[in-house]
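Trainee: Structure incoming, see below.
The values are calculated or read from the model by the stated rules, or taken from the named source; none is laboratory data. Model, not experiment: these values are computed from the prediction. Cβ atoms come from the backbone with ideal geometry, glycine included; neighbour counts cover every protein chain shown. Accessible surface areas use protein heavy atoms only, side chains included; no ligands, DNA or RNA. Shrake-Rupley method; radii C 1.70, N 1.55, O 1.52, S 1.80 Å.
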Amino acid sequence: QVQLVESGGGLVQTGGSLRLSCAASGRTSLVSAMGWFRQAPGQERVFVAAISASGTGTVYADSVKGRFSISRDSAKNTMYLQMNSLKPEDTAAYYCAGKGPWGTVSNGDYIYWGQGTQVTVSS
């Protein structure tokens, strides 16, 4: 019984920034590692970034490394994705996801998913 809700998406120009939020509710103690995924129209959903349950470990897709930063505030049950130097290829629906108990950045399935928030980067 975990719900994830993304927010913060929008339309920005190339080089701009956005900060996405993912609010967790319900039995939030069940959520361990969390991550962000994105999906462009007609394409598969791909991994963007992940963060450990403690918030001390992170991993990024090569396509966003150095531009995006993932963080979480466990006290607020909220995860964030700071996106800087945005490019048109970053345009996609961004999804928040969480792993179940004992999940880590490297192991475990993402079983909790948000509904997505649209990010559009114009040229």
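Trainee: Please report, ordered by residue number, the strands (runs of 3 or more DSSP E) entirely within segment 33-123 with at least 3 residues that are open to solvent by 30 Å² or more (accessible area, probe 1.4 Å) and touching a strand residue (DSSP E or B) at 6+ places or on another chain (Cβ under 7 Å). Talk me through it step by step, then tell me what you get.
Mentor: Details: elements: 34-39, 46-51, 58-60, 68-73, 78-83, 92-99, 110-113, 117-122.
Because the criterion is at least 3 residues that are open to solvent by 30 Å² or more (accessible area, probe 1.4 Å) and touching a strand residue (DSSP E or B) at 6+ places or on another chain (Cβ under 7 Å), the strands (runs of 3 or more DSSP E) in segment 33-123 that meet it are 58-60, 68-73, 110-113, 117-122.
Trainee: Write out, first by first residue and then by second, each pair whose Cβ atoms fall under 8 Å of each other, whose residues are 6+ apart or on separate chains, and whose first residue, in segment 55-75, is within 18 Å of residue 106 (Cα to Cα) while the second is of a type in the set (Lys, Arg).
Mentor: 55/72
Trainee: Now, a different point. For segment 1-54, how many residues are closer than 16 Å to residue 95 by Cβ and of a type in the set (S, T, N, Q)?
Mentor: Result for segment 1-54: 5.
Trainee: Please go through segment 17-32 and pick out each residue that is basic (Lys, Arg) and not in a loop (DSSP other than H, G, I, E, B). Even if it seems obvious, please write down each step before you answer.
Mentor: Kept after step one, since they are basic (Lys, Arg), are these residues of segment 17-32: 19, 27.
Across segment 17-32, the qualifying residue is only 19.
Let's see how each residue does on (1) closer than 15 Å to residue 86 by Cα; (2) touching a residue at least 60 places away in the same chain (Cβ under 8 Å); (3) not small (Gly, Ala, Ser):
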site	(1), (2), (3)
14	yes, yes, yes
35	no, yes, no
42	no, no, no
51	no, no, yes
